[in-house]
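The structure appears below as structure tokens.
The values are calculated or read from the model by the stated rules, or taken from the named source; none is laboratory data. Because the structure is predicted, anything quoted here is derived from the model rather than measured. Note: ideal-geometry Cβ built from the backbone for every residue, glycine included; neighbour counts use all protein chains shown.
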Amino acid sequence: MSLKTILIIGSEGFIGSHLVGFYIRSGWDVIGMDLAGSSKHDIQYQQFVDQDEAFEGIIQHFSFERCVNAAGNGDVNFSVTHPYEDFKANTLLTIKLLEALRKYAPQCKYIHISSAAVYGNPAKLPITEQDEINPVSPYGWHKFLAEQSCIEYNKTYGLLCAIIRPFSVFGPGLRKQLLWDVYKRSHDLNGPLELWGTGAETRDYIFIDDLIHSIDIIFDHSQMNASIYNIASGEMTSISDIVTKLILALNRPNSIYFNGNILKGNPINWKADISKLKSLSYAPTVNLEDGINKLAEWMKQLDQ
Ligand SMILES: NC(=O)c1ccc[n+]([C@@H]2O[C@H](COP(=O)([O-])OP(=O)(O)OC[C@H]3O[C@@H](n4cnc5c(N)ncnc54)[C@H](O)[C@@H]3O)[C@@H](O)[C@H]2O)c1
């Protein structure tokens, strides 16, 4: 085994898969863990089976310097209808992982993937890491509780950790949320597409490569003292704008109309202050247009 080993929990998901690819390309040994019976990557892999035993086993058995938790439920709407399931996936899972790290890998650096959902509808923009926590969904609350557990393990046991709050991450491999929904529906029909909301709602989109890059920079440069980092582009984009760009990039004929209904649990406007991340020498590398084109290229390949 090389000197550089990373454990990625949720290795088969959207963010986890990109992390696996990046660290393999960077010469690391990668250990993955997920619910699937086997990994789609060429890595050492353990299936997550038993909620209580899983982390103890893997963390005692392997040695690694870095760990990222990219597992959990990422679906806000699911958390509204299944709050306890969301709590188990986003909070309880984290506490069990922290406990195993405390016992068996106390020197490991841990990055916890939380979410901008902890902010809910912010009182002002751009949002800084010090701003008020005001979740508007069970998902946001459970992410916040998991963050608090990370801080607890850092302050009480000295566990080396950092918490990231990604805003809206997109890129090849993302098979959920708005952009995937638009792709699937535009694939199936040529007529107008009805979407929730007014279209004027805004999000702060970051391309997946820049999220992965920011995680690596945090591992290298953060003091790992439970610091919290916004992960975003720092640019505000309306839903109407990004959907229009995707339809164009896909060469689809569909028009879009917004039904004006607001989905419970979804915030109105988001824009991040990313100066804390930039202070670690981070700079974005993929702009929105290029990111959408890369996403559309991947989606078009799925059509073939
Ligand atoms: N994609 C985004 O825009 C975004 C934004 C902010 C935060 N996040 C957070 O990042 C994390 C990853 O998001 P994603 O988009 O890759 O989601 P995803 O659904 O693609 O991947 C999550 C992975 O976690 C796995 N998983 C669930 N429970 C597990 C368990 N008990 N043990 C091991 N693996 C388990 C799932 O099988 C899945 O492969 C989630 O916690 C999500 O809330 C995502």
With the first residue restricted to the stretch 169-188 and required to be assigned to a strand (DSSP E or B) and within 10 Å of the ligand (Cβ to nearest atom), and the second required to be aromatic (Phe, Trp, Tyr) and modelled with pLDDT of 95 or more, Cβ contacts under 7 Å at 6 or more apart or on different chains are 170/205; 170/207
Filter result for residue 227 (over 29 Å from residue 95 (Cβ atoms) and either free of Cβ contacts under 8 Å to residues at least 40 places away in the same chain or away from the ligand (no atom under 12 Å from the Cβ) (or both)): no
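Yes/no matrix, rows are residues, columns are (1) part of a strand (DSSP E or B); (2) more than 12 Å from the ligand (Cβ to nearest atom):
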| residue | (1), (2) |
| --- | --- |
| 50 | no, no |
| 55 | no, no |
| 60 | no, yes |
| 64 | no, yes |
| 67 | yes, yes |
| 74 | no, no |
| 77 | no, yes |
| 80 | no, yes |
| 88 | no, no |
Return yes when residue 64 is among the aromatic types (Phe, Trp, Tyr), buried (at least 19 other Cβ atoms within 10 Å of the Cβ) and within 26 Å of residue 232 (Cβ to Cβ) and no when it is not. no
Looking at the stretch 97-108, is at least one residue more than 10 Å from the ligand (Cβ to nearest atom), touching a His at 6+ places or on another chain (Cβ under 8 Å) and closer than 28 Å to residue 58 by Cα? no
Looking at the stretch 8-23, which of the residues that are part of a loop (DSSP other than H, G, I, E, B) and near the ligand (Cβ under 7 Å from one of its atoms) is nearest to residue 176 (Cα to Cα)? 13
Among the residues listed as 230, 266, the single one being within 18 Å of the chain's Cα centre (by Cα), under 19 Å from residue 76 (Cβ atoms) and not in a loop (DSSP other than H, G, I, E, B): 230
Considering only residues that are out of contact with any Lys or Arg (no Cβ under 7 Å at 6 or more places or on another chain) and closer than 21 Å to residue 237 by Cα, look in the stretch 189-201 and name the one that is nearest to the ligand (Cβ to nearest atom). 201
Would you check which residues across the stretch 99-115 are in contact with an Asp or Glu (Cβ under 8 Å, 6 or more places away or on another chain) and within 23 Å of residue 139 (Cβ to Cβ) and list them? 112, 114
Residue in the stretch 110-124 that is on the phi < 0 side of the Ramachandran plot, among the charged types (D, E, K, R) and either within 14 Å of the ligand (Cβ to nearest atom) or touching a residue at least 12 places away in the same chain (Cβ under 8 Å) (or both) present: no
